[in-house]
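**Q** I have a structure here, written as structure tokens, and I will follow up with some questions on it.
Throughout, read-outs are computed from the coordinates displayed, never taken from laboratory work. What you see is a predicted model; the values in this text were computed from it and never measured. No Cβ is skipped: glycine too gets one built from the backbone with ideal geometry, and neighbour counts run over all protein chains shown.
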Amino acid sequence: MSQHLDPDLRTSDPQIASLVDAENARQRDSVRLIASENYVSAAVLEATGTVLTNKYSEGYPGKRYYEGQQVIDQVETLAIERAKALFGVEHANVQPYSGSPANLAVYLAFLAPGDTVMGMALPAGGHLTHGWSVSATGKWFRAVQYGVRKETGRVDMDEVRELAQAERPKLIFCGGTAIPRTIDFPAFAEIAHEVGAVLVADIAHIAGLVAGGAHPTPVGHADVITTTTHKTLRGPRGAMIMSTAEHAKALDKAVFPGLQGGPHNHTTAAIAVALQEASTEDFRRYAHAIVDNARALADGLTARGFNLVSGGTDNHLLLVDLENKSIPGKQAARALDRAGIELNYNTVPFDPRKPFDPSGVRLGTAAVTSRGMDTGDMDRVAGWIDQVIDAEKAGDDAGVEKVAAEVHEFARSFPMPGLPG
Ligand SMILES: *Cc1c(COP(=O)(O)O)cnc(C)c1O
């Protein structure tokens with residue numbers, strides 16, 4: 001038998017190759033409104049699929065536990081320097097495997113098991129890793145959680161302050177996964193300062209908006225900033241931890257050797273590429289276009305009687321409460337997926353329904369903006385969403401099919417980043 005590896009996926013594994021083809025087509029032919037997703041550039045894809053995946057590099061540039069780092073050290077150093085320059089931070093660690101391990105590393109750097117952490121409750125829009133009960137962060141630490149006000153759908157900073165003063169957390173998280181409004185970093189910083197807590201801004205969702213100047217920056221307010229690199233920032237699946245110089249050593253030690261082994265060097269290279277892309281004038285325009293599109297989608301849905309949590313959006317994300325439309329979130333999401341409009345069902349604040357079948361859906365405009373869709377297109381999409389939901393409620397499968405045909409044709413008319421042609 002030959003000892004050479006067949007370099008061609010189509011020959012060596014036609015089953016996986018055809019599944020990749022199918023996913024290519026699916027992504028090309030649908031309107032992707034999942035708020036955490038995007039399309040990366042061909043350059044980011046290419047960097048991800050390189051021989052850098054073959055190399056072990058435990059440690060940090062200049063301080064490795066394996067030989068042969070002549071090239072990898074330069075790759076990681078470039079990624080770090082680009083992150084520092086783009087966000088204006090003193091320190092960056094680009095090794096976390098993803099957003100959840102990045103947050104876990106922050107706990108490891110600052111807390112002992114049983115210590116108190118404060119974060120936004122998951123049903124209010126927070127992330128699992130901000131101390132939610134089913135997460136390791138809720139099981140191994142004493143988590144206290146803030147929410148949003150029922151009348152406004154927004155965080156109540158007075159509630160945050162009262163809770164922080166009563167519970168004295170060592171760590172406070174701000175940011176989340178379903179927050180349609182601007183995060184008030186200075187107000188969080190003031191509260192953290194008052195109670196002697198470390199403030200962590202988790203900007204996983206909004207990192208691209210921050211980088212492009214379409215959302216205020218947490219830099220200068222938060223002690224630590226964590227982010228994924230694959231949402232609005234439009235890089236490979238990965239994460240970063242950024243901080244002031246003061247916390248650099250503790251955070252680096254927490255990531256390695258505290259939590260992880262070897263970094264994923266192919267991902268590091270792709271992060272460097274994405275950071276370079278995000279520092280361009282083009283990307284600034286992209287970030288602002290995401291927000292314009294979200295507002296246009298919000299206006300289109302509101303005009304059609306949809307009820308938006310907090311009444312609208314300041315960023316890339318919309319949370320729609322479907323209670324007045326008399327359709328559960330999951331049924332709506334499934335029907336829309338059949339019509340080629342992809343989003344996720346989502347709990348809304350004070351949801352009377354269960355998390356696995358909640359009242360809302362979450363939408364985001366990062367991916368559709370990467371396809372080149374504009375505000376006029378968003379109004380058409382809002383119209384299709386309305387038609388599909390009406391058809392689904394009436395049991396009108398043909399109605400859903402009719403929209404699907406229109407949506408597929410529409411989606412195919414926009415070039416897909418990363419795909420030739
Ligand atoms: C997506 C997200 C994460 C987790 O990222 P994974 O890469 O899925 O582990 C953490 N925090 C927030 C706010 C997120 O939105």
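**Q** Can you tell me what share of the DSSP beta bridges in the chain is antiparallel? A percent to the nearest 5 is fine.
**A** Once the DSSP bridges in the chain are tallied, antiparallel ones form about 55 percent.
**Q** Turning to a different aspect of this structure: Hey, what did the range 47-278 get for relative contact order, percent, Cα under 8 Å, at least 6 apart?
**A** That works out to 29 percent.
**Q** Another one. To the nearest 0.05, what FRET efficiency results for Asp379 and Glu159 with a Förster distance of 35 Å applied to their C-beta separation?
**A** 0.45
**Q** How many percent of Cα pairs in the range 203-268 exceed 16 Å?
**A** 53
**Q** With a length cut of 20 Å (Cα positions projected on each helix's long axis) and a Kyte-Doolittle mean of at least -1.0, go through the chain and give me the DSSP H helices that pass.
**A** Length and hydropathy pass: 14-29, 72-87, 281-303, 375-393, 397-412.
**Q** Let me ask another. Just to check I understand the Karplus step: with θ = phi - 60° and J = 6.51 cos²θ - 1.76 cosθ + 1.60, what whole-Hz values come out for the range 223-240, glycine and proline as x?
**A** 6, 10, 10, 10, 7, 7, 10, 10, 9, 5, 6, 6, x, x, 5, x, 7, 9
**Q** Now a separate question. With the contact rule set at Cα under 8 Å and sequence spacing of 6 or more, what percent relative contact order holds for the chain?
**A** Here the relative contact order equals 22 percent.
**Q** Next up: If I histogram all Cα-Cα distances within the range 47-278 using bins 5 Å wide from 0, what percent of pairs lands in each bin?
**A** Using 5 Å bins, I get a P(r) of 1, 7, 15, 19, 20, 15, 11, 6, 3, 1, 0, 0 for the range 47-278.
**Q** Okay, moving on. Stretched out fully, how many nm does the piece from Lys150 to Phe350 gain, at 0.36 nm a residue minus the Cα gap?
**A** 71.3 nm
**Q** What chymotrypsin sites (Phe, Trp or Tyr not before Pro) in the range 270-368 are in a loop by DSSP, with at most 12 other Cβ atoms within 10 Å of the Cβ?
**A** Phe356
**Q** Another question, if that's okay. Of Met120, Leu259, Gly311, which is farthest towards the positive pole of the chain's charge dipole, taken about the Cα centre with +1 and -1 on the beta-carbons of Lys, Arg and Asp, Glu respectively?
**A** Sorting the options by dipole projection puts first Leu259.
**Q** If you average the C-alpha positions of the range 326-363 and of the range 129-176 separately, how far apart do those two centres end up, in angstrom?
**A** 24
**Q** As a test, work out the antiparallel percent of DSSP beta bridges whose residues both lie in the range 47-278, rounded to the nearest 5.
**A** Close to 45 percent.
**Q** Extending each Cα 7 Å along its Cβ direction at Ser98 and Lys84, get the distance between those two points in nm, one decimal.
**A** So the label points at Ser98 and Lys84 sit 3.0 nm apart.
**Q** Over the range 88-200, what is the mean sequence separation of C-alpha contacts under 8 Å (at least six apart), divided by residue count, expressed as relative contact order in percent?
**A** It rounds to 24 percent for the range 88-200.
**Q** Taking 0.36 nm per intervening residue step and subtracting the Cα-Cα distance, what contour gain separates Asp357 from Leu45 on full extension?
**A** Net length gain for the segment: 108.9 nm.
**Q** Choose one of Ser359, Ala333, Ala382: the residue whose Cα lies farthest towards the positive end of the charge dipole of the chain (beta-carbon charges +1 Lys, Arg; -1 Asp, Glu; about the Cα centre).
**A** Ser359
**Q** Now for a separate question. Compute the distance in nm between two label points, each set 7 Å from the Cα along the Cα-to-Cβ direction, one at Gln74 and one at Asn54.
**A** It works out to 1.7 nm between the two label points.
**Q** Follow-up. Under a Cβ-only charge scheme (Lys and Arg +1, Asp and Glu -1), can you give me the dipole magnitude of the chain about the Cα centre, in debye to the nearest 20?
**A** For the chain, the charge dipole is close to 520 debye.
**Q** Over 28 Å apart: what share of the alpha carbon pairs of the chain falls there, rounded to a whole percent?
**A** It works out to 50 percent of all Cα pairs.
**Q** So how strong a dipole does the range 47-278 carry about its Cα centre when Lys and Arg Cβ are +1 and Asp and Glu Cβ are -1, to the nearest 20 debye?
**A** My answer is approximately 500 debye.
**Q** So, in nm, how far is label Lys249 from label Ser12 when the simple model puts each one 7 Å beyond its Cα toward the Cβ?
**A** Reported label-point gap for Lys249 and Ser12 is 4.5 nm.
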